[in-house]
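None of the figures in this text is laboratory data; all of them are computed from the coordinates on show. Only a predicted model underlies this, so the values are computations on that prediction, with no experimental measurement involved. When we count neighbours, we look across all protein chains shown, and the Cβ atoms used for this are built from the backbone with ideal geometry, even at glycine.
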């Protein structure tokens with residue numbers, strides 16, 4: 001952040017009141033919205049007094065266990081170890097037991113032969129696979145155990161052997177009448193329905209059954225609870241005309257016959273209304289669990305021999321970033337082409353500055369209008385680094401960072417320990433990305449939040465020309481020492497004191513986290529301050545473009 005032009009005090013007070021009112025109203029929605037009461041209220045007494053107690057009269061009964069995504073955790077810890085090669089996880093696989101029948105994902109058999117089904121990536125991506133199990137007709141429940149097993153090498157030299165070790169285990173009980181499950185994952189739990197955040201893995205899944213009309217509302221629930229036609233697809237019907245279909249409202253506990261203002265309701269206060277959450281559900285949204293969506297475009301290479309052929313946000317950096325937010329119950333979704341919007345390689349530009357207009361051009365012509373206000377927009381370029389409004393609404397929804405190894409080598413020239421560790425590049429990129437994303441989540445310099453953010457006293461080259469070199473260095477060292485306990489990627493400073501500053505790169509280069517306020521004097525709790533709706537709002541100040 002650079003020269004700031006303050007609005008007058010009256011306007012600032014008005015904006016502050018409006019922001020506070022928005023937060024309070026959103027909080028009331030989150031507190032008082034009947035997330036799951038509809039099923040509970042309608043289901044009282046129904047199991048004893050039903051008009052039709054059959055479970056599956058229209059189809060053969062079977063269970064579908066759909067694994068939507070698996071993300072292996074622990075990459076950052078491996079990346080911080082010195083090594084020439086990028087770390088890979090040990091092979092892992094799924095074991096699923098449904099009513100005593102076990103499916104071993106390490107073994108694949110088909111008409112073409114057998115093979116291994118182990119996973120060797122940190123992230124399976126969206127849409128991993130499904131397993132189908134035939135059920136007894138009119139069976140009421142199924143007992144399910146879902147495990148992720150890792151193949152670990154034990155022993156030394158010629159005595160090594162591969163041993164399967166359990167990484168995660170969930171036990172679930174599925175009810176064929178309602179289509180709900182309970183156990184280690186359940187409706188409205190802390191990490192989201194159909195989402196499990198474990199010590200070693202993060203898992204998204206769904207369970208459903210054969211259904212004549214394919215709306216994923218079981219026959220029993222349609223007849224005895226909703227009163228809908230089990231032969232008509234309710235995923236295409238919206239009887240209360242509130243913008244989302246019956247099947248979605250059923251899944252998330254709303255009354256499909258009582259209109260709700262789903263275009264405004266945002267119970268998890270992540271800036272995505274229920275209508276948006278419904279439209280993005282194939283990308284694993286949850287109206288009661290926070291989501292951040294970011295479209296990322298890259299840039300064609302400079303053609304320089306020692307640089308990359310193109311600049312993009314590496315998958316390894318993405319995974320480390322996602323894990324930081326996942327620890328705080330926030331799912332980050334990055335569209336680098338996997339969702340059909342990002343991944344474009346923009347024309348090469350030597351340097352992108354705030355005043356050049358290049359980011360506004362990319363924002364206007366390469367970032368779809370129907371995504372604005374839903375997705376953040378990021379560009380990975382050759383040499384750049386800022387979050388600055390590109391819309392006339394003065395919204396901080398756009399940012400850019402450098403993705404060049406040549407730029408990385410220049411930045412880390414004084415730090416050979418980091419410069420010559422190839423893995424450092426990926427941590428650096430994740431940290432830069434998290435820094436600029438932080439601005440679009442409301443982590444701003446003083447007076448709006450924290451004076452340790454983007455403190456130009458820590459960057460002598462950006463201090464006034466009329467200051468002597470000695471004065472600049474004194475200002476730098478004072479700022480670095482004052483904010484030494486603010487251990488955040490938002491902090492330009494390094495780890496305290498002028499000598500340490502020479503030996504270690506800045507927090508904004510190597511710390512991959514926001515601070516939590518526990519490090520002592522002058523520390524701030526970034527995680528408690530972030531506002532996932534900030535990128536949709538007009539900022540309460542105007543930031544002049546930085547002109548060197």
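Can you give the log10 of the normalised intensity I(q)/I(0) at q = 0.09, 0.19 Å⁻¹, computed with Debye over equal Cα scatterers of region 291-436? Here the Debye-derived log intensity ratios amount to -0.26, -1.18.
Axis of helix 315-326 versus longest Cα principal axis of the chain: the two differ by about 70°, to the nearest ten degrees. Per-residue extension of 0.36 nm, minus the Cα-Cα distance of residue 369 and residue 143, leaves a gain of 76.8 nm for this segment. The alpha carbons of the chain stretch over 86, 73, 45 Å along the principal axes, in descending order. Rg and Dmax, both from the Cα atoms of region 185-286 and both in Å, are 14.4, 43.
R0 = 51 Å: FRET efficiency of residue 518 with residue 182, Cβ-based, nearest 0.05? Don't skip to the answer; put the middle values down first.
Details: r = 36 Å, r/R0 = 0.70.
Plugging the Cβ-Cβ distance into 1/(1 + (r/R0)^6) gives 0.90.
Working from label points 7 Å from Cα in the Cα-to-Cβ sense, the residue 199 to residue 66 distance is 3.1 nm. Region 352-380 and region 189-213 have Cα centres separated by 34 Å. Fully extending the segment from residue 449 to residue 54, taken as 0.36 nm per residue of separation minus the present Cα-Cα distance, adds 136.3 nm. The distance between label points at residue 77 and residue 131 comes to 2.6 nm (points 7 Å beyond Cα on the Cα→Cβ vector).
Exposure proxy for 207, 108: other Cβ atoms within 10 Å of each Cβ, ordered fewest to most, give 108, 207. Note on region 60-210: semi-axes of the ellipsoid equivalent to its C-alpha gyration tensor, largest first and rounded to whole Å, are 31, 19, 13.
Estimated at 0.36 nm per residue, the fully extended path between residue 84 and residue 305 surpasses their Cα-Cα distance by 77.6 nm. Between 0 and 90 degrees, the angle of helix 9-32 with respect to the longest Cα principal axis of the chain falls at about 20 degrees. Directionally averaged projected area (region 393-437, Cα convex hull): 3.5 nm².
Max-minus-min Cα coordinates of region 218-259 on each principal axis give 24, 18, 14 Å, with the largest extent listed first.
Over region 418-480, the ratio between the Cα radius of gyration and 2.2 N^0.38 Å evaluates to 1.40. Each DSSP beta bridge with both residues in region 291-436 is either parallel or antiparallel, and the antiparallel ones are about 20%. Semi-axes of the equivalent ellipsoid of region 443-529 are 22, 14, 10 Å, computed as sqrt(5λ) over the eigenvalues of the C-alpha gyration tensor in descending order.
As a proxy for reagent exposure, ranking 169, 247 by other Cβ atoms within 10 Å from fewest up yields 169, 247. Evaluated over the Cα positions of region 386-497, the convex hull gives a direction-averaged projected area, one quarter of its surface, of 8.4 nm².
For the pair residue 525 and residue 102, a Förster radius of 51 Å applied to the C-beta separation gives a FRET efficiency near 0.65, rounded to the nearest 0.05.
How do 167, 512 line up, fewest other C-beta atoms within 10 Å first? Intermediate values should be presented prior to the final figure.
Working: 167 21, 512 25.
The order, fewest Cβ neighbours first, is 167, 512.
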